[in-house]
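Comments concern the structure below.
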Amino acid sequence: MEGRSDSKIELLRRSIRAVPDFPKKGILFRDICPILKDPTALTVVIDLFEEHVKNKNWEVDLIVGLDARGFLFGPLLAQRLGVGFVMVRKKGKLPGATVSVAYDLEYGKAEAEIQEDAVAPGQKVVILDDLLATGGTLYAACELMKEQHAEIQGCMVVIELTELKGIDRLKPHSVFSLVQY
């Protein structure tokens, strides 16, 4: 089983494109677009996330996907698990009554929001995004889930940039990443 997972991770590593100097000079951007256009690689991402949820014996009512790339993987995982999907968006993008949380970015502030009735108290959620860097967006999503009185089972990402130590910001929540750089 471990060998199969290792080969799947290696496929993902080969599918993630490194783009130097994007979005600005000195940044090495990790591009997931090749994963999305390869049905095998995309299936591997969902397989590995599903496997992790099942190995952890997490009870899950909802997958919570972060704007915008969490929207690419989250609904697929939710469908596979037979649960619902909820969006955490940038402020001003969701209709109806919302709940929002402000958070710090590297060069400023932002707000994330969720529809007020999207998550019921006590629902068990897994928060999903494509990338963990400094942890700001995932932290904001965790704070939103706390405000909704949801039970966070854990956070999952495709890529973790370990040198930025975003995982430290998310403690005590469990964070699972498929590929680390």
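What follows is calculated from the coordinates using simple rules that are stated; it is not laboratory data. This is a predicted model, so every value here is computed, not measured. Here Cβ is always computed from backbone atoms with ideal geometry, including for glycine, and neighbour counts include all displayed protein chains.
Please compute the alpha carbon radius of gyration of the range 52-105, then divide it by the globular-protein estimate 2.2 N^0.38 Å. Two decimals is fine.
Values: Rg = 13.0 Å, N = 54, 2.2 N^0.38 = 10.0 Å.
Taking N as the residue count of the range 52-105, the ratio is 1.30.
Cut-off is 10 Å between beta-carbons; in what order do 47, 117 appear when sorted fewest neighbours first?
Details: 47 15, 117 11.
Starting with the residue having the fewest Cβ neighbours, the order is 117, 47.
Based on other C-beta atoms within 10 Å, arrange 7, 15, 100 from fewest to most.
Details: 7 10, 15 22, 100 19.
By the 10 Å Cβ count, ascending, the order reads 7, 100, 15.
Is the shape of the range 80-138 best called rounded, prolate or oblate, per the rule: a/c under 1.5 gives rounded, else a/b larger than b/c gives prolate, else oblate, with a ≥ b ≥ c the square roots of the Cα gyration tensor eigenvalues?
On the way: a/c = 2.27, a/b = 1.32, b/c = 1.72.
Since a/c reaches 1.5 but b/c is at least a/b, the shape of the range 80-138 is classed as oblate.
Would you mind pulling out the separation of the Cα centroids of the range 1-56 and the range 112-153, in Å?
If we compute the Cα centre of each part, the gap is 23 Å.
Convex hull over the Cα atoms of the range 110-159, averaged projected area in nm²? Display every interim value, and only then the final one.
Numbers: hull surface 13.7 nm².
Reported value for the Cα convex hull: 3.4 nm².
Using just the helices of the chain, give the 222 nm mean residue ellipticity in deg cm²/dmol: DSSP H runs with n ≥ 4 each add -39,500 (n - 2.57), and the total is spread over all residues, rounded to 500.
Details: 6 runs with 64 residues, N = 181.
Result for the chain, helices only: -10500 deg cm²/dmol.
Sort 168-174, 91-97 for me by packing, meaning the mean count of neighbouring Cβ atoms within 10 Å per residue, highest on top.
Numbers: 168-174: 13.6, 91-97: 11.0.
Put in order of decreasing packing, that is 168-174, 91-97.
So, with +1 on the Cβ of K and R and -1 on the Cβ of D and E, and no other charges, what is the size of the charge dipole of the range 2-180 about its Cα centre, to the nearest 20 debye? All intermediate terms of the calculation are to be shown ahead of the outcome.
Details: 23 positive and 26 negative charges, 87 e Å.
Result for the range 2-180 is approximately 420 debye, rounded to the nearest 20.
Fewest to most neighbouring Cβ within 10 Å: what's the order for 130, 6?
Details: 130 21, 6 10.
By the 10 Å Cβ count, ascending: 6, 130.
Starting from the Cα gyration tensor of the chain, multiply each eigenvalue by 5, take the square root, and state the resulting semi-axes largest first in whole Å. The partial results should precede the final answer.
Working: eigenvalues 122, 88, 42 Å².
Working from the Cα gyration tensor, I get semi-axes of 25, 21, 14 Å.
In terms of modelled amide H atoms, which long-range or inter-chain residues lie less than 5 Å from the amide H of residue 85?
For residue 85, the qualifying residues are 63.
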